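Some notes on the structure that comes next.
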Amino acid sequence: MLASTAKPAPEAPALVVRGLSKRFGGVQALDGVDLTLCAGETMALIGENGAGKSTLVKILTGIHAADAGTVSVFGRPFAARSPRDAWAAGITAIHQETVMFDELSVAENVFMGHMPLTPRGLVDWGTMRAATAELLDRLDADVEPDTPLKRLGVAQKHLVEIARALSHDARIVIMDEPTAALSAREIDDLFRIVGQLKAEGRAVVFISHKFDEIFRVADRWTCLRDGRHVGEGAIADVTEADLVRLMVGRSIDQVFPKQDVPIGDVVLEVEGLSNATEFADVSFSLRRGEILGLYGLVGAGRSEAMQALFGLTRPTRGSVRIDGAAVTIRSPADAVAAGMAYVPEDRQVQGAVLPMGIRENLTLAGIAAGPLARFLSRDRELATTRRFGGRLAVKAATWDQRLRELSGGNQQKVVIAKWLAMEPRILILDEPTKGIDVGSKAAVHAFMSELAAQGLAIVLVSSELPEVLGMSDTVLVMHEGRIVKRLPRAQATPEAVVTAATGGGHA
Ligand SMILES: Nc1ncnc2c1ncn2[C@@H]1O[C@H](COP(=O)(O)OP(=O)(O)OP(=O)(O)O)[C@@H](O)[C@H]1O
Ligand SMILES: [Mg+2]
């Protein structure tokens, strides 16, 4: 089944893009972009947030129409007018922003838009289930075809999405930041699949802000900056620093601007926080000016514990004290009133109001914060938006641009800015730099450090070891729902943290 469509004509490259341009209002998202991709090859498409990567993907998959330029697929001219055209030409993509149907089953999601039919024209459920099971099996995914999608976690949903892309048996597979929600083991599986796709003569476009992944998986690279093609070549011929310079236009020598600031009094004390299944007995204290890193593997219960702390879910037991006084947090509004802010990992669902503008999104959390906030004038709002949006390097045409028109990474920055603009005393950041480019990442880290110096207390949930080690005063490690290790900065070596996170080295 796989071999039939995968055989390329050996002469023609899989994909040739010439002079591709696309403008959205005042923004030239793509400006004469060229790209060549051969069968059996993985191309890393790199560039800052807003460089035009996803726009290119959306044109290739028939979601947007190009203003100018040509595309050919295995030597044939190609202009997709709908996702269906793209599938027919053998192109499929795992998009950065997923469109999936929570109420439907895994199998229905995988085959949405191309369900197998019986001779009488009805949906062939048996075939669909079996094919879904086979695809999930290939991904080593522990997911059943009949499970409703809404029962799955973020990482599992992502695997379903990957299965959906593979279900098209495509000759060109595009992955737009596919690893953002995956655990290390799932990333290994994904890379194994990329290897398999290449061996079958398919071509892969891989978009990521993580250089270790790019160097692991890609053969060649193409770099976009402000919608223009600024370079391409073989991965073997470049270093990370070379690529950063091309992406950003200058070198970035940041590497975690953690300032040593005096750590103040305890602001937050969490004692014995537990729920029925995901975390148990989570206890820690947090001081003014302190950055507390919360490390663990995906599924260790970190996000779940933080969501309970913020009142998004109900813990079964546990107590919270703020400035020494017991507080009851039953809802996010209670948490906000107590001076807490939470930047969620899943910005699409919990973080942002996509149809609204940046300014509105940024001042929304503030409005919720207190009665005075109602009197915020437009000027003050704009000043706040400029300050926080600017510090976090949000790239947009205007401050009133709607969030859904921003690139994925810029949406993420707005969500962080929104919660910072509330000027909380306790800030919980869940994977804040996921999907954010190197330059902006440095901006986020610098701002975090500065706010800590001003007395903000921060919990940093991150699966990125260098980020946790680079930014934290204290590292807590969670494993299977429990805090298994507490390490002061000086003792938080990569070995110590990873060993604890994988369940080894219990005290
Ligand atoms: N539907 C739209 N309406 C208006 N502008 C848009 C739209 N989609 C994208 N843009 C703009 O086009 C530019 C390129 O965005 P794109 O999403 O392609 O960036 P990206 O390289 O994928 O970035 P990221 O790394 O953040 O995902 C950005 O300036 C973005 O705001
Ligand atoms: Mg993108």
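Data overview
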{"quantity": "Computed over the stretch 387-507: relative contact order in percent, which uses C-alpha pairs under 8 Å that are six or more apart", "calculated": "19 percent"}
{"quantity": "Rounded FRET efficiency, nearest 0.05, which uses the C-beta distance separating ARG192 from ALA383 and R0 of 51 Å", "calculated": "0.50"}
{"quantity": "Trypsin sites (Lys or Arg not before Pro) restricted to the stretch 92-151 and DSSP loop, no more than 12 other C-beta within 10 Å", "calculated": "ARG120"}
{"quantity": "Loop GluC sites (Glu not before Pro), the stretch 136-229 (other Cβ atoms within 10 Å of the site Cβ: 16 or fewer; DSSP)", "calculated": "GLU200"}
{"quantity": "Chain lengthening between ASP346 and SER285 when straightened (0.36 nm per residue, less Cα-Cα)", "calculated": "19.4 nm"}
{"quantity": "Residues listed by number, the stretch 14-51, amide nitrogen under 12 Å from ARG228 label point at 7 Å toward C-beta", "calculated": "31-33"}
{"quantity": "GLN454/LEU104 FRET efficiency (R0 56 Å; Cβ-Cβ; nearest 0.05)", "calculated": "0.75"}
{"quantity": "Nonlocal amide H pairs with GLY233, under 5 Å, H built at 1.01 Å", "calculated": "TRP221"}
{"quantity": "Note, ³J(HN,Hα) from phi for the stretch 206-222, Karplus 6.51, -1.76, 1.60, rounded to Hz, x at Gly and Pro", "calculated": "10, 10, 7, 9, 9, 5, 4, 5, 4, 6, 7, 10, 8, 9, 10, 9, 9"}
{"quantity": "Among MET422, LEU149, THR328 - extreme Cα towards positive end, dipole of the chain, charges at beta-carbon", "calculated": "MET422"}
{"quantity": "Sites matching GluC sites (Glu not before Pro) across the stretch 73-138 that sit in DSSP coil, with at most 16 neighbouring C-beta atoms within 10 Å", "calculated": "GLU97, GLU103"}
{"quantity": "Length gained when the stretch ALA65-SER183 is fully extended (0.36 nm per residue, less Cα-Cα span)", "calculated": "39.0 nm"}
{"quantity": "Nearest-ten-degree value, helix 438-453 long axis tilted from longest Cα axis of the chain", "calculated": "10 degrees"}
{"quantity": "Beta bridges by DSSP in the chain, antiparallel share as percent, to the nearest 5", "calculated": "55 percent"}
{"quantity": "For a label point 7 Å along the Cα-to-beta-carbon line of ASP323, residues of the stretch 282-315 with backbone N under 19 Å", "calculated": "285-290"}
{"quantity": "Gain in span if fully extended, ARG84 to ARG330, counting 0.36 nm per residue against the direct Cα distance", "calculated": "84.0 nm"}
{"quantity": "Probe 1.4 Å, protein heavy atoms only - accessible area per residue of the chain in square angstrom", "calculated": "43 Å²"}
{"quantity": "222 nm mean residue ellipticity, helices alone, for the chain (DSSP H n ≥ 4; -39,500 (n - 2.57); rounded to 500)", "calculated": "-10000 deg cm²/dmol"}
{"quantity": "Computed FRET value (nearest 0.05) for ALA490 with ARG120, which takes r as the C-beta separation and R₀ as 60 Å", "calculated": "0.25"}
{"quantity": "Share of carbon and sulfur in the accessible heavy-atom surface of the chain [1.4 Å probe, %]", "calculated": "51 percent"}
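The values are calculated or read from the model by the stated rules, or taken from the named source; none is laboratory data. Note that the structure is a prediction, hence the values are computed from the model and not measured. Because the Cβ atoms are built from the backbone with ideal geometry, glycine has one as well, and the counts that use them run over all protein chains shown. Surface areas here come from the heavy atoms of the whole protein model, side chains and all, with no ligands, DNA or RNA. Shrake-Rupley method; radii C 1.70, N 1.55, O 1.52, S 1.80 Å.
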